[in-house]
Amino acid sequence: MNVQEEIKDLVERLNQYAYEYYTEDNPSVEDAEYDRLYARLESLEKEHPDLVRGDSPTQKTGGVILSGFEKFQHPYNLYSLADVFSREELAEWEERVRRTIPNPEYICELKIDGFSLSLYYEAGRLVTAATRGDGSVGENVTENIKQIKDVPQVLSEAVDIVVRGEAYMPRASFDKLNIERELEGLPAFANPRNAAAGTVRQLDTSVVAKRGLATFLYQEAGPSTHGTQEEVLEYFEKLGFVVNQERVFARSMTEIWAFVERVTALRERLPYDIDGVVVKVNGLSEQEELGFTVKYPRWAIAYKFPPDLAETEVLSVDWTVGRTGVVTPTANMTPVTLAQTTVARATLHNVDYIAEKDVRVGDTVVIYKAGDIIPAVQRVLLEKRPKGSAPLPIPEVCPECGTPLVHLEDEVALRCVNPLCPAMQREKLIHFASRDAMNIMGLGPSVVSALFESHVIRDVADLYTLSEGDLMGLEKVGQKSAEKLLASIDSSRENSVERLLFGLGIRHVGAKAARILAEHFGNLERLATSSESEIAEIPGVGRVLAQSIVDYFATDGARALMTELSLSGVNFDYLGGSVKSDSPVSGKTVVLTGTLSNLTRSEAREILEKLGATVTGSVSRKTDFVVAGAEAGSKLTKAQELGVEVWSEADLERLREV
């Protein structure tokens, strides 16, 4: 491949990766790989300036405008920052600054791993919030940004100002969101940055409101009346913005690097993700003197943390089956230290990932921590590949049950579609017993595994044939715990059918969808014999979910399971229709907020819905009353401002007893 062809290949690949990152919020390569390719392109373009292409990512900021949001023309060009990856590169930038500014003062800030925003205020009121987009034109996401609690809609002063910052998802909010998505049968977000970006682009503002985004504001766009960056940040705080407090002044490279080292040690203890440090010349007049390149400001730089990498050998590859039937490849490797822990396994994600990386047994690979959590393969060191190596064989049948695997058009994963696959059943039983499904207390992972290993149960129907003797034979299970577990299993027979439907673990059928389906069809038999078009026409369902249900109930295994559950006396009917029409909350709109002492949020919602109330997620003038637990926040405040009646958990408990 000649230089011109290599540049063309790099430009096309990097533009595709940028589209996946900025527009789809679904990157297919890790940051370190993108940065490596970008650096190679920059090097080639520097050596061959006559071959620089107009569509090269080095010539633009990046980002594509999505349909579904109005375009917004920024009045000021919103530059991105140049990246450096070592102390040496950072020192080179600092030396370039000193050639123009003899004695500069710097301000060092954290580089928040989130989603860039610009907020436009007129007379102190938020009028527009927009994404950066390509730096010139972004997306108008005003209504979504208004849902973020720490974004002031009215400032403390009636000023016209444009403020740049970062929307991010705190780690606690990210963990909560992924748990909820798992319960809904949806794929988890890969990291908080993707979750934040996906949330900002939601067309449903109520989704944004409940996901717990937060912001840090860091720059005034356009002319400023202040003299330094520090004065700008102090003014932001006075206006009501949230400004990150982890920042220091520096007057030398030694002081800058001391902050980098301190932040590197602090990184894992922060409640949010960062991916580096931003260093800015503090004086705004000096910033103006230094100016800009075509793409970056000369007065600021972003030092990005290097990925924690390790080199190891692939010894073998396991293919494991999850609850939904997805068959995932995992590499077994020579143990190696990575991010201060010893790892011996790394995910290979799916067959497309294996093909792209061309991972083979015997290869020496470089691994890294994806999102600082899950080890993954970054690249294969082809120069160390042993002679005679062969591509990994891709399984055609399930490694657990032998059923032919399918590769659905809308996904890259291989999938086992046998609902009675042993590997799937172990995970499905745990899900089946979970609180939001059949709520079988005492049937956790250890008990399920023990029952499987002793061949007492193979699927969920076997739960309803368990005896005290079956349980007493298990380690650490005494008579009292066995009696409680059997009582909980017996009680679950009476659940309304939406719990059963969710507990079956049908692809795409989360708790909310299960309730919609149960309410519409009334019982499981009607749903199981309905056509795809009949199911898809239900509001909030759609064809993807409908086809998944039809495919599930078309299998022999599913039909046999339904027969066994029916013979065991498990309820197939929707009981939600028996709500009380004469209760004090019948027909009322209710909001739950705060932490309840004796009830889970799901249990409280169920009580209210059975009493005829509609439970919503946000307070408005249409809200009839709010049930407030401990640490109730903005919803309680808004209810009080609107004069909405507020109930305690005790009030709700008394209501249930009526």
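The values are calculated or read from the model by the stated rules, or taken from the named source; none is laboratory data. Just so it is clear, the model here is predicted, and its values are computed rather than measured. Using ideal geometry, Cβ is built from the backbone for each residue, glycine included, and neighbour counts are taken over all protein chains shown.
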Here, helices (runs of 4 or more DSSP H) confined to segment 539-634 with at least 1 residues that are surrounded by 13 or more Cβ atoms within 10 Å (Cβ to Cβ) and either at pLDDT below 75 or in contact with a His (Cβ under 8 Å, 6 or more places away or on another chain) (or both) are 543-553, 601-610
Which of the following residues is among the basic types (Lys, Arg) and without any contact (Cβ under 8 Å) to a residue 40 or more places away in the chain: 360, 385?
-> 385
Any idea which of 355, 390, 423, 376 is modelled with pLDDT under 85, among the small types (Gly, Ala, Ser) and outside any strand (DSSP E or B)?
-> 423
Working only within segment 146-176, note down all residues that are free of Cβ contacts under 8 Å to residues at least 60 places away in the same chain, surrounded by 21 or more Cβ atoms within 10 Å (Cβ to Cβ) and either among the hydroxyl-bearing types (Ser, Thr, Tyr) or part of a helix (DSSP H, G or I) (or both).
-> 173, 174
Of the conditions (1) surrounded by 14 or more Cβ atoms within 10 Å (Cβ to Cβ); (2) farther than 23 Å from residue 18 by Cα; (3) of a type in the set (Val, Ile, Thr), the single one that residue 84 does not satisfy is (2)
The listed residue being among the aliphatic types (A, V, I, L, M), more than 13 Å from the chain's Cα centre (by Cα) and at pLDDT below 85, out of 217, 183 = 183
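Residues that are assigned by TED's automatic domain parsing to the domain that holds residue 545 and hydrophobic (A, V, I, L, M, F, W, C): find the helices (runs of 4 or more DSSP H) completely inside segment 434-526 holding 3 or more of those. Don't jump to the end; show me each part of the working.
Details: elements: 445-453, 468-472, 479-492, 497-503, 511-521.
Where helices (runs of 4 or more DSSP H) fall fully within segment 434-526 and carry at least 3 residues being assigned by TED's automatic domain parsing to the domain that holds residue 545 and hydrophobic (A, V, I, L, M, F, W, C), they are 445-453, 479-492, 497-503, 511-521.
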Just one of (1) in a loop (DSSP other than H, G, I, E, B); (2) in contact (Cβ under 8 Å) with a residue 12 or more places away in the chain; (3) farther than 30 Å from residue 364 by Cα; (4) of a type outside the set (Gly, Ala, Ser) trips up residue 249, so point out which.
-> (1)
Inspect all residues belonging to segment 301-310 and state whether any of them is farther than 14 Å from residue 108 by Cβ, crowded, with 17+ Cβ neighbours inside 10 Å and more than 30 Å from the chain's Cα centre (by Cα).
-> no
Output the residues belonging to segment 488-525 that are over 16 Å from residue 606 (Cβ atoms), free of Cβ contacts under 8 Å to residues at least 40 places away in the same chain and crowded, with 16+ Cβ neighbours inside 10 Å.
-> 517, 520
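Let's see how each residue does on (1) surrounded by fewer than 16 Cβ atoms within 10 Å (Cβ to Cβ); (2) modelled with pLDDT of 85 or more; (3) over 19 Å from residue 352 (Cβ atoms); (4) basic (Lys, Arg):
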site	(1), (2), (3), (4)
3	yes, yes, yes, no
7	no, yes, yes, no
10	no, yes, yes, no
29	no, no, no, no
34	no, no, no, no
Consider residue 193 carefully, then state whether it is crowded, with 17+ Cβ neighbours inside 10 Å and not in a loop (DSSP other than H, G, I, E, B).
-> yes
Are any of the residues in segment 325-337 in contact with a helix residue (DSSP H, G or I) (Cβ under 7 Å, 6 or more places away or on another chain), at pLDDT 90 or above and farther than 30 Å from residue 81 by Cβ?
-> yes
Residues of segment 247-259 classified as surrounded by fewer than 18 Cβ atoms within 10 Å (Cβ to Cβ) and either of a type in the set (D, E, K, R) or closer than 13 Å to residue 278 by Cα (or both), total = 4
